[in-house]
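Below is one structure; the comments refer to it alone.
The values are calculated or read from the model by the stated rules, or taken from the named source; none is laboratory data. Since the model is a prediction, treat every value here as computed from it, not as a measurement. Virtual Cβ from ideal backbone geometry, glycine too; neighbours counted across all protein chains shown. Remember, those area values only see protein heavy atoms, side chains included, never the ligands or the DNA or RNA. Shrake-Rupley method; radii C 1.70, N 1.55, O 1.52, S 1.80 Å.
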Amino acid sequence: MDASLSEVQPAARPGLARRMATAAVLLGLVVSAFETTVVTSAMPTLTRELGGQHLYSWVFSAYLFASTVGVLLFGKLADNLGRKPVFSLGMGLFLLGSVLCGVAQSVPALIAFRVIQGLGAGALQPTTMTISADIYTLRERAAVQGVFTGAWGAANVVGPLIGGWLVMHASWRWAFLVNVPVGLLALAMLHASYRDPERRSSRVDVWGPALTGVSLGLLLFALEHGGSSGPRLSFAVAAFVGLVAVARQQRTSPSPLVPLELLRDRTVLAGLFGNLLGGGLLYSSTAFVPLWMTERGGYTPLMAGLALVPLLAGWACGSTFGVRVFMRGGLRASAGGGFVIALLGASLFALGVAHGWGSIAIFASLGLLGLGLGPAVSTSLIGPQTRAPWHHRGMITSTLYACRMLGGSFTIAAVDLVRGGFSWRFALIAGLAGTGALVLSTLAPGRVVTEAGTAAS
């Protein structure tokens, strides 16, 4: 493969412009990450106030699923139309959805508005990482990843606390409306500092993302809790037919979701699995831990938000040292080892819920889970980026983010189906961590290879 064009044609030269562009995409990443977690501690109160407790999981699943579709579509558009227009469109959708969520009067309306918000987040999250890959070299990226991880981690850590505080002292509606001024500032800064690199023109295949989104949406409806088995079986069959059609369409598409030569790469395959399983672990934990805290533990919304702090702080710390492990030992050591640590943390947490351990032990186990998830997921993104040529970088980044969100939406739906109490739900989440440890420890390469190199075992 050719060397990355961004190494010789930077999108923002070192200096003030690059710092401003970096700050802009950091704010874009922060506002989308903040929204994912600020809602978690507000959700139990929100659904009780609007009278839609039975739709609890759908407020999360709809957002993550819409983000998946947005990632698949807008990641490809970023390669063809430019990073800046896609970032702007994504931020506009995200802020529109945030305002509508803030004034929602029912849970079904909130779910619909979360779809709009999720589509915008689906454009923002991969585009921010693609822009950072454009303006920094691989060696610089390894260093700047710590800055991005720290900002992302801080947003995630502060989010549940602010959400809990808003519920107790203001209104859950501000958990959505607080995004607006930050998002507008990010837009202004990016437009003032970043220029899109020149790109080759090519066809944009919208049928692939659209057909994939419809098929996965049908599968998600098949997992919906409640209702008769007949419609759910029909949704499952229709989803299977749709996914078969996706496979046929992708073989003949001039612009597939992921080029076939990249799918043959072990680093890329390992990264796809790492994001799928890591996203399932992260989003299901942040969705159900606050619910368990408020419904079974008797804690306040603020304490429910506080429970996520060790998880998300551990993620931030783990991501920082995970990049260093990746540079020395490859994806097998960083992601595979990360999932092993996450398995230990998730197992201890499930045991703590089952046996009624105290808050200190519960918080420590969540911190250990986050400490493993950090390197597992962050390096599952960086690894494939090093293998993809520049003109496919937006595509592969968007696909990885789609896998992360897809894993989250389906894991939340699957965990919500589990009967027998929260201990069984968290046992299922621990099993997912074990699957990640097994897959990444065997599939991932043992050293770093760039797009100019060859894969190693």
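Protein chains only, probe 1.4 Å: how do C403, C317, C101 rank by accessible area, largest first?
Reading off the accessible areas and sorting them downward yields C317, C403, C101.
Where the Cα atoms of the stretch 310-450 are projected onto their three principal axes, how long is each span, largest first, in whole Å?
50, 29, 25
Using R₀ = 41 Å, calculate the FRET efficiency as 1/(1 + (r/R₀)^6) where r is the Cβ-Cβ separation of V241 and R173; round to 0.05.
After rounding, the FRET efficiency stands at 0.50.
Give me the 1.4 Å probe accessible area per residue for the stretch 303-457, excluding ligands and nucleic acids, in Å². Please report the intermediate quantities before stating the final value.
On the way: 4920 Å² over 155 residues.
Counting only protein heavy atoms, the per-residue value for the stretch 303-457 is 32 Å².
Express in nm, to one decimal, how much length is gained between S106 and R19 on full extension, taking 0.36 nm for each residue of separation and deducting their alpha carbon distance.
Value of the extension gain: 27.1 nm.
Okay, which of the stretch 403-442 sit inside 17 Å, backbone N to the point 7 Å along the Cα-Cβ direction of L233?
none
If you take the beta carbon distance between R447 and L260 as r and set R0 to 22 Å, what does 1/(1 + (r/R0)^6) give as a FRET efficiency, to the nearest 0.05?
For R0 = 22 Å, the calculated efficiency reads 0.35.
Considering only C-alpha atoms, what is the centroid distance from the stretch 363-437 to the stretch 230-248, in Å?
24
On a full-extension model of 0.36 nm per residue, what is the gain between F321 and V180, subtracting their alpha-carbon distance, rounded to one decimal in nm?
Stretched fully, the F321-V180 segment lengthens by 47.5 nm.
Say each of A210 and W357 gets a label point 7 Å from the Cα, pointing the same way as Cα to Cβ; how far apart are those two points in nm?
Between A210 and W357, the label points sit 5.0 nm apart.
Could you work out the mean projected area of the convex hull around the alpha carbons of the stretch 344-404, in square nanometres to one decimal?
4.8
Could you tell me the largest-minus-smallest coordinate of the C-alpha atoms of the stretch 28-69 on each of the three principal axes, in descending order and whole angstroms?
Extents along the principal axes, in whole Å: 32, 21, 10.
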